[in-house]
Amino acid sequence: MNQPISTESIYNAQATNWLRSEKILLSDFTARPRVLEALGKIKDQDILDFGCGEGYVSRMLIEAGVKSIFGVDSSAEMIAQAQSMAKELKLSNATYTVGNAVSFNQFPQTRFDKAIAVFLFNYLTIEEMTQVMSKVRSLLVAGGTFVFTVPHPCLPFMREESPPFYFEHGEKSYLDGINKTFEGKIWRRDGVPVSVRCVHKTFAHYFEALAKAGFNSLPEVKELAVTDEHLAFDPEFFGPLKGYPLHVLFKVKVND
Ligand SMILES: C[S@@+](CC[C@H](N)C(=O)[O-])C[C@H]1O[C@@H](n2cnc3c(N)ncnc32)[C@H](O)[C@@H]1O
């Protein structure tokens, strides 16, 4: 039987297609600006970026005035791109390290003000996600915030397999696809697709995992979709997604 391609191989092979200095991927429009918005005040704060990729989101945060970024990603190529961009842009407050978020423990400090995981959990099983959430919980200061985004759990079952974003659920249904990997693609506005995957979870799994990890206040939850502004800006690109829930953003706070 063929072994499924590893997530590291997927990202090592397409790191240059992810590298960007302006919005180009669908989710650069529909999700990442909302992460920044959800984080609130970040000036002079220390931020942990789990699954940081080539550093696009962390560069947005640096531009917004954070004190430091510590990024971890399991793809050596994505980290190499992040490091080379940081060098080119002379970002002395950004540190990027290769590591698996599930087992990584070499943090430069014991506490961070805020943490993000932008489309990381769709690569992890429910058990792995719970472990990472527990680690994030233990690394946040009192009053700290954790913001993460994931593909909307209903999207694979609502949308046909066509651009600019889809996941293949095969024969699996919403409830019997749990912890199964759905392969997918998301497009850039210039027509280039990148491969993504989603280890399927239901909405309930995110709430249960947060509670098990020790986040004991209700998270804020936003179901993200294309907006009227997106549709007016590029109707051809965003039009096929009108009315579909694309991603979910969770924001949870550590009680003071
Ligand atoms: C969709 S990309 C998002 C990258 C970045 N957060 C962004 O928004 O541009 C997902 C990233 O998660 C990383 N990743 C997947 N599994 C991981 C794991 N177990 N530990 C650390 N990083 C992981 C991948 O290598 C990839 O760079």
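Observations on the structure shown:
- Taking the listed residues ALA64, ALA80, the one that is over 20 Å from SER195 (Cα atoms), out of contact with any His (no Cβ under 8 Å at 6 or more places or on another chain), surrounded by fewer than 22 Cβ atoms within 10 Å (Cβ to Cβ) and modelled with pLDDT of 95 or more is ALA64, with no other qualifying.
- A single member of SER195, SER162 is surrounded by fewer than 20 Cβ atoms within 10 Å (Cβ to Cβ), outside any strand (DSSP E or B) and either away from the ligand (no atom under 15 Å from the Cβ) or modelled with pLDDT of 95 or more (or both), and it is SER162.
- Residues within the stretch 108-138 that are surrounded by 15 or more Cβ atoms within 10 Å (Cβ to Cβ) and either within 14 Å of the ligand (Cβ to nearest atom) or at positive phi (or both), tallied: 20
- Meets criteria (crowded, with 16+ Cβ neighbours inside 10 Å, modelled with pLDDT of 95 or more and closer than 21 Å to GLU37 by Cα) for HIS230: yes
- Selection count, the stretch 83-106, where residues are under 18 Å from LEU140 (Cβ atoms) and buried (at least 21 other Cβ atoms within 10 Å of the Cβ): 1
- Flag if GLY243 is over 24 Å from ALA38 (Cβ atoms) and not in a strand (DSSP E or B): no
- Options LEU19, LEU25, LEU36, LEU61; residue that is hydrophobic (A, V, I, L, M, F, W, C) and within 12 Å of VAL118 (Cα to Cα): LEU36
- Here the stretch 36-55 is the region considered, the condition is being more than 8 Å from the ligand (Cβ to nearest atom) and among the hydrophobic types (A, V, I, L, M, F, W, C), and the residue that is surrounded by the fewest Cβ atoms within 10 Å (Cβ to Cβ) is LEU36.
- Any hit, the stretch 59-79, residues being under 26 Å from LYS212 (Cβ atoms), within 13 Å of the ligand (Cβ to nearest atom), in contact with a helix residue (DSSP H, G or I) (Cβ under 9 Å, 6 or more places away or on another chain) and among the acidic types (Asp, Glu): yes
- Within the stretch 165-192, the residues that satisfy the criterion of being in a loop (DSSP other than H, G, I, E, B) and buried (at least 18 other Cβ atoms within 10 Å of the Cβ) are HIS169, GLY177.
The values are calculated or read from the model by the stated rules, or taken from the named source; none is laboratory data. Since the model is a prediction, treat every value here as computed from it, not as a measurement. Methodologically, a virtual Cβ is constructed for each residue, glycine included, from the backbone with ideal geometry; neighbour enumeration extends over all protein chains shown.
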